[in-house]
Amino acid sequence: MSASNFATPKNVSCVYAVGFDKNGMPIDDDCFLDFIADDIDYLINKKVKEIRDKNLYYYDCRDDNEWDNNRSYPGHYIGHLTYELSFLTDIIITAKLKIVNGYYEGASLDYDLEYKDWYWEYDDFADLLDSIKCDPEAYNINMGLVAIHLHRLENKILEALSKMDSIIESVYREVSMPLYKAGQFSNGEAVYKECSI
């Protein structure tokens, strides 16, 4: 039994392949992925400075010991793009950028999302909104304010997620080869084609 070389993208629109030259041949250089991570650090910081409400966004470079513990396609986190919002309560959304090892060769770029308030961490922002809606006293928020402003909070979070995604994907396009899975055989092998985004 075989497997696709790249993990199915979790939060990006296509496979952003790294570790290959322009002809699609693997690059045999141990430092190559460090150079990619450095390029991503530089480009994301540059794009965050261009954002109108940049004081709400910030980027931290990688922690060399943080992994996602996926057995088949392990990912190494290379940085965190964070959005902080104080509206009804303090909310922190973090995109954890990562390089995901290819099954056979190369790697791809993706990111995971974390949603937090001052009390808990949530699986998605719907759980965060439900928590605020169901127990506003825990956040010292008046129930009337929750009813009035919860929709605005949801729109602010969706806007921030969209902005974060566009920053990340534009940087990933600059430092990688965008691919899509053109097909997959019954034994698990996949064929990838270059993507024109």
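The values are calculated or read from the model by the stated rules, or taken from the named source; none is laboratory data. Keep in mind the model is a prediction, meaning the values are calculated, not measured. Every residue, glycine among them, receives a Cβ derived from its backbone with ideal geometry; neighbour counts consider all protein chains shown. Just the protein is used for accessible areas: all its heavy atoms, side chains included, with ligands, DNA and RNA removed. Shrake-Rupley method; radii C 1.70, N 1.55, O 1.52, S 1.80 Å.
Points worth noting:
- Per residue solvent-accessible surface (Å²) - the stretch 100-155, probe of 1.4 Å: 58 Å²
- Net charge of the neighbourhood of residue 134, taken over other residues with C-beta under 14 Å away and scored Lys/Arg +1, Asp/Glu -1, is -4.
- Fluctuation leader among 107, 182, 160 - the chain, Gaussian network, Cα springs under 10 angstrom: 182
- Which labelled figure in [x] 37; [y] 46; [z] 34 is percent of Cα pairs over 24 Å apart, once derived from the coordinates: [y]
- Here r is the Cβ-Cβ distance between residue 133 and residue 45 and R0 is 30 Å; the resulting FRET efficiency, rounded to 0.05, is 0.25.
- Within-13-Å neighbourhood charge of residue 195 [Cβ basis; K, R +1; D, E -1]: +1
- Potential extension, residue 145-residue 104 segment - 0.36 nm per residue separation minus Cα distance: 9.5 nm
- Exposed-site-free run, longest, the chain (rule: trypsin sites (Lys or Arg not before Pro); DSSP loop; at most 16 other C-beta within 10 Å): 72-197
- Top of 18, 48, 146 by mean-square fluctuation, Gaussian network on the chain, Cα under 10 Å: 146
- In the chain, the DSSP-assigned H stretches of four residues or longer account for a calculated mean residue ellipticity at 222 nm of -11000 deg cm²/dmol, using -39500 (n - 2.57) per stretch and the full residue count as denominator.
- With all protein chains modelled, accessible area of residue 13 [1.4 Å, Å²]: 90 Å²
- Summing Lys and Arg as +1 and Asp and Glu as -1 over all other residues whose Cβ lies under 13 Å from the Cβ of residue 121 gives a net charge of -4.
- Unit charges at the beta carbon, dipole of the chain: most positive-side option, 146, 73, 18: 146
- Qualifying chymotrypsin sites (Phe, Trp or Tyr not before Pro) in the stretch 103-197, where qualification requires a DSSP coil assignment and no more than 12 other C-beta atoms within 10 Å, comprise 104, 118, 119, 120, 185.
- When only the Cβ of Lys, Arg, Asp and Glu is charged (+1, +1, -1, -1), the dipole of the chain relative to its Cα centre reaches about 700 debye.
- Computed label-point distance, nm, for sites residue 193 and residue 38 using a 7 Å Cα→Cβ extension: 3.7 nm
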